[in-house]
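Novice: Dumping the structure here so I can ask a few things about it.
Since every read-out is calculated from the coordinates, none of them should be taken as a lab result. In this text, all values refer to a predicted model and were calculated from it rather than measured experimentally. Quick reminder, even Gly has a Cβ in these numbers, built from the backbone with ideal geometry, and neighbours come from all protein chains shown.
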Amino acid sequence: MRYLEIEKNYSAHTILNYRLDLEDFRRFVGEADIEKIDYLALRKYLAKLKEKNLSARTVNRRLSGLRSFFKFLTREGYLKSNPILSILSPKIDKHLPHFLTEEEVSRLIESAFAKNDQDAQGLRNRAILETFYSTGIRISELVGLAVEDVDFIGGIVKVRGKGKKERVVPIGEIAMQAIRKYLEKRKRQSQALFLNKRGQRISSRGVRNIVMKYIKAAGVKQGVSAHTFRHSFATHLLNRGADLRTVQELLGHANLSTTQIYTHLTTEKLKSVYDKAHPRA
């Protein structure tokens, strides 16, 4: 765990997940010597995970933690060979991410304004929704924002992403106006940008609750969550002509392959291109 924190610079959230996954594996192998854990033992563990009906994505995450662990043990000389090298990851079905139309996003954000009028809490909620859609940042990144991270003159936000990596993303004027109104109205002073009722930095759960409240109020489609803003941000940029490499930078993806899930197009966009391009459309 110290290696993950100090050398790999992983976030506290990632380290906690690795710890929980490794604890689960330790309970499975019991008192077995680490040197005696072989390919067969790992296959049995995978079979146990399958019996629990865990998703392929969850199993892959468990395997990722084990791969990192055994690689560390081999490198440090605790093991002569790495038993997990021959283990293949389960295939993950590719699902198109849920996203909202531009009209649905507008309706959702407007529902926040109508419901809570001009009090500090309502202005905060609208500012959160506007910031999500304007920047495409993750919930953890939004929660971690400080007031000084928002450059109102340059129109940019400094974000701390996965692995504690910092990046700079643009933020639109409408979102900045919403943030300004909220900061002018709130009574408590704090370095944190978004505060809860007690004047402390708002939590990820608090943000999710806020978003879900307005999703219900706006009556948008099912299967929508706070993360849907990120999906919608990427989809709308690509549909309006942004290139994949730029969207990758904005989202803070390490690999372009992660961003490629957003290369789907809305039915309207497909029909529009088809009507213009096909000779007998």
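Novice: For Lys185, give me every one of the lysines with a C-alpha distance below 24 angstrom, ignoring sequence neighbours fewer than eight places off in its own chain.
Specialist: Those lysines meeting the cut-off are Lys115, Lys158, Lys197, Lys213.
Novice: Relative contact order of the chain, please, whole-number percent, based on alpha carbon pairs below 8 angstrom and at least 6 residues apart.
Specialist: Relative contact order for the chain comes out at 18 percent.
Novice: Then there is this: With helices defined as uninterrupted DSSP H runs, which ones in the chain have an alpha carbon span along their own long axis of at least 27 Å and mean Kyte-Doolittle hydropathy of at least -0.5?
Specialist: 56-75
Novice: Once you charge only the Cβ atoms, +1 for Lys and Arg and -1 for Asp and Glu, what is the size of the charge dipole of segment 2-75 about its Cα centre, to the nearest 20 debye?
Specialist: 300
Novice: Over its Cα atoms, what ratio of radius of gyration to 2.2 N^0.38 Å does the chain give?
Specialist: Ratio of Cα Rg to 2.2 N^0.38 Å: 1.20.
Novice: Could I ask something else about it? Counting other Cβ atoms within 10 Å, which trypsin sites (Lys or Arg not before Pro) in segment 189-257 have at most 14 and lie in a DSSP loop?
Specialist: Filter output for segment 189-257: Lys197, Arg198, Lys221, Arg240.
Novice: Rounded, prolate or oblate: which fits segment 2-75, taking a ≥ b ≥ c as square roots of the Cα gyration tensor eigenvalues, rounded meaning a/c under 1.5, else prolate when a/b beats b/c?
Specialist: On the way: a/c = 2.06, a/b = 1.27, b/c = 1.62.
It comes out oblate by the Cα gyration axes.
Novice: Please give the charge dipole size of the chain, origin at the Cα centre, charges +1 on K and R Cβ atoms and -1 on D and E Cβ atoms. Round to the nearest 20 debye.
Specialist: Values: 52 positive and 30 negative charges, 124 e Å.
For this selection, approximately 600 debye.
Novice: Further question: Given the C-alpha centroids of segment 196-254 and segment 157-179, what is the distance between them in whole angstrom?
Specialist: Cα centres, segment 196-254 to segment 157-179: 13 Å.
Novice: Give the shape of segment 28-122 as rounded, prolate or oblate, defined through the alpha-carbon gyration tensor: a ≥ b ≥ c are the square roots of its eigenvalues, a/c under 1.5 means rounded, and otherwise the shape is prolate if a/b is larger than b/c and oblate if not.
Specialist: prolate
Novice: Here is a further query. Could you compute the longest span of the chain free of GluC sites (Glu not before Pro) located in DSSP loops and having at most 10 other Cβ atoms within 10 Å, not counting the site residues?
Specialist: 77-281
Novice: For Lys71, list the aspartates and glutamates whose Cα falls under 15 Å from its own Cα; do not include residues on the same chain fewer than 8 positions away.
Specialist: Within reach: Glu7, Glu35, Asp38.
Novice: With a ≥ b ≥ c the root eigenvalues of the C-alpha gyration tensor of segment 149-213, is it rounded (a/c under 1.5), prolate (a/b larger than b/c) or oblate?
Specialist: oblate
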